[in-house]
Each structure stands twice: as C-alpha cells, then as structure tokens.
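Where a number appears in this text, it was derived from the coordinates with a stated rule and is not lab data. A quick note: this is a predicted structure, and the numbers were derived from the prediction, not measured. Every residue, glycine among them, receives a Cβ derived from its backbone with ideal geometry; neighbour counts consider all protein chains shown.
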2 protein chains.
Amino acid sequence: MSLYQAPLKDIQLLVENALTTTGLDELPTMADFDTELVNAVLEEAGKFAAGELAPLNRMGDIQGCRFEDGKVMTPDGWKNAYRQFCDAGWMGLALPAEFGGQSLPRFIAQPVNEMWLSANLAFIMFHALTQGGSEILMHFGSDEQKARYLEPLISGRWTLAMSLTEPNAGSDLGALTTRAVKQDDGRYLIKGQKIYITYGDHDLADNIVHLVLARTPDAPAGSRGISLFLVPKYRIREDGTLGEANDVRCTGIEHKTGLHGSPTCSISYGDKDTCYGELIGDENRGLAAMFILMNEARLSCGIQGVALGEAAYQQALEYALERTQGTDYRGGRERVAIAQHPDVARMLLSIRSEVMGLRSLSYLIAAQIDKAEHTPDADERKRLQDRVALLTPVFKAYATERANLMAGTGIQVFGGMGFVEETGVAQLMRDARVTTIYEGTTGIQARDLVFRKIQLDEGVALKALLDEIDADANRLEDLPQATDTLRQATGALRDQIVPMVSSGNLLRLNAGAVLLLEALGTLCCAWQLGNLAALALSRRDQDPVYYGNLIALAEYYFAHSLPAIQARLLSFEQAEAGIANYRFDD
Amino acid sequence: MSLYQAPLKDIQLLVENALTTTGLDELPTMADFDTELVNAVLEEAGKFAAGELAPLNRMGDIQGCRFEDGKVMTPDGWKNAYRQFCDAGWMGLALPAEFGGQSLPRFIAQPVNEMWLSANLAFIMFHALTQGGSEILMHFGSDEQKARYLEPLISGRWTLAMSLTEPNAGSDLGALTTRAVKQDDGRYLIKGQKIYITYGDHDLADNIVHLVLARTPDAPAGSRGISLFLVPKYRIREDGTLGEANDVRCTGIEHKTGLHGSPTCSISYGDKDTCYGELIGDENRGLAAMFILMNEARLSCGIQGVALGEAAYQQALEYALERTQGTDYRGGRERVAIAQHPDVARMLLSIRSEVMGLRSLSYLIAAQIDKAEHTPDADERKRLQDRVALLTPVFKAYATERANLMAGTGIQVFGGMGFVEETGVAQLMRDARVTTIYEGTTGIQARDLVFRKIQLDEGVALKALLDEIDADANRLEDLPQATDTLRQATGALRDQIVPMVSSGNLLRLNAGAVLLLEALGTLCCAWQLGNLAALALSRRDQDPVYYGNLIALAEYYFAHSLPAIQARLLSFEQAEAGIANYRFDD
C-alpha cells in the first residue's frame, strides 16, 4: 500500500473555483497571493504531508502515546516531525507576520491544513489549537499577553491546549466548576479537574499554555459566569524565559479507539493550591472568547472529515485497481480489477463525490471568511459572515458524519483485508469516529443550525443560500434533471421547512434538527458538485478525462445522494413521531 | 457500566409472534416444544450469555489471541467458558439427538444463538461453524463419516473450521488453487494455503476438523471443479481416537480491528506432502455442499447484526438514563438525563427500532425454515423455501450494514466517553465492522438477491412477499399513514422494480443491487414493526407501557426510516449514472 499523495490537481482547481466564485481574487489586498504563490505553498505543504507526516501515521497508531511518571511521551518520530514542522514555519502560516507568522489568507491555509490532516491526523492536532488560541489572543489578549505568548506559540517553542471539558460538563459547558480566585497581584489561583484535553501534555515543546475555562467566586450560574484564563505549564518570567513548574499536573491519558498518537489528557489544576493563571479579556466573558476558538475548531474538524475521506479514497482506489477478483459483469472469463465491478465503482464514487463536494464547500467557506475580513463593503461583510455562520455547523457535522461512512466504505472496498489493521484503512475508521463528537457533537451542531442560524434570523441567511443555489442550478441544463431536482429541494426548504422552523414546535425541531442538517449538507454538496460540473463542461476539451470525471461525479451524486434530501425532509416534518410517547425507563 | 442482560421479554414475544404468524405452532411435530419448554431454554441460555460469556468479552478484546510457537492461544477464561458451554450441551442444541444433540428446532436455537452473540461475539464464533458443518455432514457425509465426526463435534471435543478463502480467491471462490490428489487408499493428499479461517487453530478442543475446498487434478476450471474435504488437524484412528498430527500448520493469525478474541488463521496444508483428507460427497460438488454451510453462516451473520445492535442499545440506553447534561428542551433549569433530549431519544429509537424489526424478521425466517422442514404440504414447503432463499441475503446484508450504523450511533450517544475503549461500546463498532464482509460481502448478497432470487424466478417470490406485506398493511389503520406508505413502497417494487430487474440492464442492476437490497431491508423491518404494533394494539391493556412503546417504535420507524425506501428505489432506477463513464485509472 502506498501512502498518502497530495491531490494537488483537485485542490488547485477547487481553490481557483472558490476564489472566482466569491470574487475574493478581485480584492486589491489579495493581489500578493497569485496562482504561482498559492501553488508553490500547496506543493510544499503536500510534499511535507506525504513525505514527513504520512510515513509516521501507522506507527503512531500502533505505538500510541505513553503516560509514565506523570509525563506524556509521544510516539517515535513525533519530536523530529514537530521540529521540522516548526522550522519550516508551518505553525504560523495563517498567523500574523508581526509575531513570526506568514499572514497567509485562509483560502491557502485551509487546503494546506487538509493535506496534513489526511496524512496524519493524530500528529497534527496541536496545530488547529495553536491557530485558534492565537486568534483568541489577537482578539482578546492584552498587548502584554500578545507580546509574551504569540511569538513562542507561532514559532512552536510552546503549544496551546484547550481546556474546557470536565467530567460533568461536556456539551453542557455551563455546568463547569473549575474555580479561579483573583489574587492581590492580579493573577488568579486556578483549581479544578479537566478531561479530554488534546495535547494537554506532551514532549514536543518547551511549554504548554492551557486555555482554561473557569468560574470566579461571585460569577453568575451557567454559561454567563465563565471566564477564560491562560495557564502555562511552566511559569513565564518577566523576560519571557521559563521559570518553575506551575501547579498543573497530567493525571492520565485516555485509551481511545483511534487517534492513538494524539494524547488526550486529564489535567488537574491546583492540587497544591499554587496553580496561577492570567485572565484573558474580562471576567464572565470567557465563552465569547472561546467561541472564536470553537468556530476555528469546528471548521478544522469538518476539514478532518474531508481529509479522512480523501485518505480512504486513495487507499480504496489503489486497492481496487490492483486487486483482481471475479470477471467482467458483461461476461468473459478474464479476471478483472475489482474497480471494474459496478458495485465497487459505486462505492468508490460515493467516497470521491462526497470528498469533492465537501472540499469545495470547505474552500468556499475559507474564501468567504477571507473576503469578509478584507472587503471594504459593510453589507457584503455582514452577508458573508451570516453565510459562514450558517454553513459552519452544517459543514462540521455533515463532513464528519460522512467521514465515518466514507471510512467504512473504504474498508468495504478492501473486503477482508479492510478488517486487518496492516492495510491502514481500518485506522481511518477508528480515527474518524470521534470527529462527530468533539468540538460539539452532531446534535449540538444541529441545534446551533436550527435555533441560532435559522430560527433566530428568521431564515434570512438560509433563504439567501437557497436563492444562490437556485441561480447556480440554472447552469446545469446539460445534466439530466439536475436543475429540477435541486430546485425541488430548495423549494421544499424555502416553502415548508423555514416556516416550520419559525413555528417553534420544540419537540419536532429538537428531534429533527440532525435530519434537517443532513438534508442541507447533501444539498450543499450537490450544489458544489453541480458548480464543478458546470466548470468542467466549459473546460472539457482541455483535459477530457479529468473534466469528464468531474461531470460524472455530479451525475453520480445527483442520482445516488440527492433523493435522500426529500426523504430527510419528510422525516423532519414528522420527527416527533414515536419519540413523544416513548418510555425509556420501562 | 453493567454488562449485557438477556432481553427475554422481547425475545419471548417475538418468538411467539413468529410461531403464530407462520402457523408453525400448529404442526403436530412441534407439539413437544410448548411455551414452557421454549421459555425455560431461553432463560437458561440468557443466564449463560449474561453470566458466563458477557464478563469475558472485554478482556478477550484487550488480550486477544496469541500466536506462539506455531500455536494459537485464546484469551484468559476462554477455555473454561468453552468447557462449560459444551458440558451444558449448548453446542448441539439444534443438532440431532442421535449424535448427542438436543434436536431443538431453529425457532428456539436462533434466539439462543442471538443472546450468545450479543454477550461475546468473538468467543462464540466456533458455534455457527460447528452447527453448519454438522449439517453438511448430515446431508452429504457417508454413514461412516457421520459416525466418526458428529459425536465429537456435537460434544465439543472437536471443533470445525471452514477453509474456503485463499489469498487470490475471496468473493471469487472459483479462483481457488488448493489441490487434492486421490491416493490408492481412497484418501486425498491436500496441498495449499488458506487464509481468514475463523478458529482455524486454537487451544479449546482436542482436534479441529477443517472443511477444505480444493481441486482435484482433472477438475473443470472455475466453481464447477471444487470438491469438499474433511481435513483433521490430528489424524483419526479407526477406533475414533486421535493419532499423529496431520500435515496442517497454522502460519499466523491476523491482527484485526475487532473480534480480537476470535483467532483468524492462515493455514498451510501439506507443507510436507503428508496432509490427508477425505472427500465429502462427490468430486466437483463441493460448492453445493458448502452452500448449506454458507446459508447457515449467512443467517448466523445476520443474527450477529441484531445481537450487536442489541448490545449497543443496552449500553447506550443505560448511559443515556444515567448521564445528566443540559436542561429539558421545554425549558427549566434542572439538569436532565440525556435520554430526555429528543435528539438522544431519536438515536436510541433508531437503534431499538432496527433491532426489533430485524429480530422479528430473523425469528420469522427461523420459523419458516422449521416449517419447511416439517410441513407435509409440498407446495407450502416450496413456498417457504423460496421465501427463505429470498430473505436470506436481505437479512444477512441489511442486518450487518445496520449493525455498523447502530454501533456508531451507540458511540454517539456516549459522546466523548464512546471514543474511550473502557466503556466497551467502541468494541462493538470494531467487532461489527467485518460482519458486512465475511460470509459474502454486502455486494455479493445483493447480487444473489437481484440475479438469483429475483431475476431467475421472474420475481415470483418477491411478489408473494409484497402481497403478504400488503395484506398485513391493512391491519395498520390505527397508525397514521402506515398502510398507505407501505403500499406505496410495495407498489413501486411490484410495478417498476420487478420489470426493471427482469429487463436485464446489467450495469444498472450491478451498480444498484445494494440499493435495492437496502430498500427491501427497510421494507421488511417496517413490515415487521407494523405487525408488532398491530399485535401491541390488541394487547395494550395488558401492559400499557411495554406495548405502548412497541406502537411508538413503529411510528418512529415509519416516520424516520420508511422515506428512505423511495429514495433508494429512485437511485436504483438510475444507478448507472456517472458510473458508466468514470475513468478510475486517470
């Protein structure tokens, strides 16, 4: 089995498509980032992913992290790869040049990130945390905090950990009980237990900065009484050098079904009552700050879905082209590669179409975030921000749900070999399993979608999206039934679903939120694959096989996945059935 | 987390329902098997499953099997459990009393089997093999072979292994190359390499009898030139005692993503050219004999799906009733058990409805097999055999595909804890993953369904099933829209799909076979849940909560799962879209 290869042709096309679709490339501030630069960065990142990260992925899974004498040891090769990653400047790719980063826009950073995630998800998990945490510091940190923390984080001398979950506060952050008591010198004494902290301890960097959510003594109950603190593992002296250990203790790591190379830590803060932290922003405003990191993490998590799907596709395709078994379905006695069996082709296309649809959506979101940041037009900024806010939960949840299915389908293509760990495809299924859970479960994303992103703004952002999909559907006249099928779905959403969400049948909306999210996810993929097919139709002569395949992908998806939208909406409209009266305590 | 508890109330109700639905209980030969006897056996089996097998399941997963010095060692506790299992007479539950079995009909043996599978799938895998292999011997073995092999197999002194797959012959058995050369004394010298042999070697029994598929030197090519041989690990003397080792060598076991406690062996036969076997039945008729075992194994594999779903449901339900997180969706400040969140309830009901629908289908098939065996009416026998033949691939593939989803949903209910191995729910996902692959992949089952079970008999068996579903649908007038929705589906299948299958668009049928199978699987579950709801409506006063829940389950399934049938059929009708023109070698 060969390892991951960066799918640069696909990525470059989809980046280009996202730029032109959003018009981001027309902004003067983007002039520096021409095709040549973009492709150079993508190629280097692809080389690093394929050459340095992918070869460590399987050993990281087998060896896992170890917890010995209160310390976490990462797998063999992790340290060296980390050093190379930082030395090449990858950590700060999208972070400010002022603090050592490269200030690249997100539309470049996101596909780069995707390649790393495909190659070795367990290894690279520190990156999204450091990226998101640095953005929090940029927004909410004092100048002194920025000066003190950002450069070491961006250079990779320190890493960042996100310390939210407690045993009794998971999805329900408002229930957390970690305490923070202000001292006379302005610092806070932190005390509490946190769990599920990714890279909460490790041996890769000199220091680990924990972003800890905690309550001050007189804070209001629930989520309005949460503050955010910087809690370094080693105290930081005035001159920025490291001092003695802070009272931060790793008490263990989880034995997980996947992501063995990524340490998931339990941390005890303040066992000896000497754990000092510093407040970021204002007291009781911690969740607002953390939302920046959460949105970052949600997008990154959705990209993990795309990345794992790509990895599953590459493995399944290679196997299906090599493995001969059975004869051609049209007859004949010659054994053929299993990719020639229509059912295997169907499985391969189901992965490939999801990956391309979701990847396209992912790059679109990235370009929209960039444009919202750089456009001088306030209305346009608002429109783009609302769009990104709408798409974020859909993308996070749908991409990760599909990643689980895609990894499963990848195994299925392998047959018996897929169940044997040495092929590596089973690892993808195990690694993928948490992606629908962490950074907000699918159910949490669906509630965000239904109640905040649709009900709260009275469907305005959703309707704008549907209008755009309708307009794009007009370009699909050459694909049989595509225009009609898309418009049926957008019509049903606009005419039936939006009023239903506004109506406020709380049981139905809560029970059906995931169904609606899935319908929207499928619709967005169909929309993106349709747009790619329209592009491919216009360029078919340039590269008939590649663009012909892109058109076939849309045809496949419209036939095989689009009918699920109506089924999901039909279920949504009666989502409370059976649930209202069921007695689980029988 | 408590371990598996036998769901006796559900099982007893569904056994009773299968008996009355098929009229099996009216056959005079069934008079011995009254409710008291049935319940006594089910209770004992449930006790054994919960008390002896379930406690070993997690340790079996952690420890796995070991391969040392050419021998396979099972996990701690396996030997003792095996001894108890055999001593209690469970091995021969459905095998002839003449050879030490208990001759119980399948309608009792199958739910018993299900409970063992729920409790510890990895452990119990030897059972279906010994059951199926013994049936082959009953049908095709000589009197001498029956006398020599059956008693030791049924007593558990020996076990049976099924030796089909070779590195280049998996789904495509016709490609196998293991050779069998007849000697002057009538025995055959066997030579070849086999892989993926469940319990192909182990330390539980005194001898292991391999059922080996091989070719004689002048055999026709392909699947018509395959013969079946009995190849014992230790040679058997005339008096039935064990002699010296046969030339059968275990060369290794697979490192699998699940089923760690079940050894999956590679076996080399005839390294020293002294591996002797004896022919079962006639030369070149091996596949016909093996089909008995395969059908047995396919049904058992489908039951694994039900069993794993039940295990996932029990774990998820217990967690959802204990774990408090968030507040009631209708408002209020009290933290509630997560089972009260409608989205979690939806997930629980999705598992519970699939389990009950598939379990009901499974018991129906068992009762139909019993009735076909015992009815004096030849037409009825033929009708039942055709029905079982139609339902077997649907049940095998659909139950196992759903088991993967159910296990995944079980993890999702646990949230972060589901990704941590200590809860045990992740093991269910890993164990389930092979069930859609072994004993014929989902794609293979779907081809069997479309080409052999529908096209070959011109849709007669399918239409008879649809007629029965239609008739039963009339009983669902009290469930909103149930009758209409079921009839829409049966109508579409009868009027559009059967002619389409007959028409022979080979690309469409091959590409869409799995879609059709899934549509039929959903339809069968809906049919069974509808029938259970009809029963529950008539008994509601006796146990309002339990029967009320059964009605709610059908309501849930009709709303949440039935719409997928039309979507699947719509995709089936255009299944070739995108597949015909895709170039994977680009």
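As a test, work out the antiparallel percent of DSSP beta bridges whose residues both lie in the stretch B:118-264, rounded to the nearest 5.
In the stretch B:118-264, DSSP labels about 65 percent of beta bridges as antiparallel.
Of the listed peptides A:260-268, A:404-412, B:135-143, what is their order by residue-averaged count of other C-beta atoms within 10 Å, with the highest listed first?
The packing order, highest mean first, is A:404-412, A:260-268, B:135-143.
Please check which bits of the stretch B:223-260 a label hung off B:Asp206 would reach, taking the label as a point 7 Å along Cα-to-C-beta and the cut-off as backbone N under 13 Å.
Flagged as within label range: B:234-244.
How far is A:Asp457 from the same spot in each other copy, in nm, shortest first, if each label point sits 7 Å from Cα toward Cβ?
Output for A:Asp457: 5.7 nm, nearest copy listed first.
Give, in nm to one decimal, the length gained when the segment between B:Arg224 and B:Tyr546 is fully stretched (0.36 nm per residue of separation minus the Cα-Cα distance).
Gain in length upon complete extension: 110.7 nm.
What are the label-to-label distances in nm, one decimal and shortest first, from B:Gly331 to the same spot in the other copies, with labels 7 Å along Cα to Cβ?
7.2
Using a Debye calculation, one point per C-alpha and no hydration shell, please list log10 I(q)/I(0) for the stretch A:157-284 at q = 0.09, 0.12, 0.15, 0.20 Å⁻¹ in order.
These q points yield log10 I(q)/I(0) values of -0.24, -0.43, -0.67, -1.14.
Simple spin-label model, 7 Å along Cα-to-Cβ: A:Asp467 to A:Glu244 in nm?
Label at A:Asp467, label at A:Glu244, 6.4 nm between them.
Hey, could you get me the Stokes-Einstein D for the stretch A:28-93, Kirkwood radius over alpha-carbon pairs, 37 °C and 0.692 mPa s, rounded to whole µm² s⁻¹?
My calculation gives 233 µm²/s for D.
Between beta-carbons, use under 14 Å as the cut-off and find the net charge around A:Glu151, counting Lys and Arg +1, Asp and Glu -1.
My count for the surroundings of A:Glu151 gives -2.
How big is D for the stretch B:313-399, in µm² s⁻¹ as a whole number, if Stokes-Einstein is applied with the Kirkwood radius of its Cα pairs at 37 °C and 0.692 mPa s?
Result for D is 207 µm²/s.
What is the gain in length, in nm to one decimal, between A:Gln193 and A:Asp377 on full extension, counting 0.36 nm per residue of separation less the C-alpha to C-alpha distance?
Gain on extension, A:Gln193 to A:Asp377, equals 61.7 nm.
Show me the three semi-axes of the equivalent ellipsoid for the stretch B:387-545, from the C-alpha gyration tensor (sqrt of 5 times each eigenvalue), largest first, rounded to whole Å.
29, 26, 12
Could you work out the per residue convex hull volume over the alpha carbons of the protein assembly as shown, in cubic angstrom?
In the protein assembly as shown, the Cα hull volume divided by residue count equals 167 Å³.
Starting from a label point 7 Å past Cα on the Cβ side, list the distances from B:Pro480 to the same position in the other copies, nm, shortest first.
Values, ascending and in nm: 3.7.
Tell me which B residue has its C-beta closest to the axis rotating B onto A, and the distance in Å?
Whole-Å result, nearest residue of chain B to the axis: B:Ala567, 2.
For the stretch B:316-390 and the stretch A:177-229, write down the distance between their C-alpha centroids in whole Å.
44 Å
Treat each spin label as a single point 7 Å out from the Cα along the C-beta direction, and report the A:Glu98 to B:Val460 distance in nm.
8.2 nm
Just to compare against my own numbers: the Cα pair-distance distribution for the stretch A:125-219, 5 Å bins, whole % per bin, please.
3, 13, 20, 21, 22, 16, 5, 0
If I take every Cα pair under 8 Å that is 6 or more residues apart in the stretch A:157-284, average their sequence separation and divide by the length, what percent do I get for the relative contact order?
30 percent
How many Å³ per residue does the convex hull of the Cα positions in chain A occupy?
Here the figure is 174 Å³ per residue.
So what are the ³J(HN,Hα) numbers for the stretch B:355-362, from phi and the Karplus equation (6.51, -1.76, 1.60; θ = phi - 60°), rounded to whole Hz, Gly and Pro as x?
Once θ is set to phi - 60°, the couplings for the stretch B:355-362 become 4, 5, x, 6, 5, 4, 4, 5 Hz.
So what is the 222 nm mean residue ellipticity for the protein assembly as shown from helices alone, if each DSSP H run of at least 4 adds -39500 (n - 2.57) and you divide by all residues, rounding to the nearest 500 deg cm²/dmol?
-17500 deg cm²/dmol
Cα to Cα, under 28 Å, and not fewer than 8 places away if on the same chain: which lysines meet these conditions relative to B:Lys9?
Cross-link targets: B:Lys47, B:Lys371, B:Lys396.
Per residue of A:343-352, count partner chain C-beta atoms within 10 Å of its C-beta, then hand back the mean as an integer.
For this peptide, the per-residue mean of nearby foreign Cβ atoms is 6.
Among A:His341, A:His210, which comes first, then next, by fewest other beta-carbon atoms within 10 Å?
A:His341, A:His210
With contacts defined as alpha carbon pairs under 8 Å and 6 or more residues apart, what's the relative contact order of chain B in percent?
13 percent
Each residue of the stretch B:499-508 in turn: what ³J(HN,Hα) in whole Hz from Karplus with 6.51, -1.76, 1.60 and θ = phi - 60°, glycine and Pro shown as x?
Result, rounded to whole Hz: x, 5, 5, 5, 5, x, 6, 4, 5, 4.
Per 0.36 nm of contour for each residue apart, how much would the distance between A:Ser2 and A:Asp273 grow if the chain were fully extended, relative to their Cα-Cα spacing?
92.4 nm
Taking R0 as 41 Å, what's the FRET efficiency between B:Met138 and B:Phe584 from their Cβ-Cβ distance, rounded to 0.05?
Efficiency, from the Cβ-Cβ distance: 0.35.
With a point put 7 Å past each Cα toward its Cβ, work out how far A:Leu506 is from A:Glu334 in nm, to one decimal.
My value for the distance between the label points is 6.6 nm.
Taking the Cα centroid of the stretch A:409-433 and of the stretch A:1-63, what is the distance between the two, rounded to the nearest whole Å?
About 25 Å separates the Cα centre of the stretch A:409-433 from the one of the stretch A:1-63.
What percent do you get for the relative contact order of the stretch B:442-572 when only Cα pairs under 8 Å and 6+ apart count?
Here the relative contact order equals 30 percent.
Going from the alpha-carbon gyration tensor of the stretch A:481-528, what semi-axes, largest first and in whole Å, does one get by taking the root of 5 times each eigenvalue?
22, 12, 6
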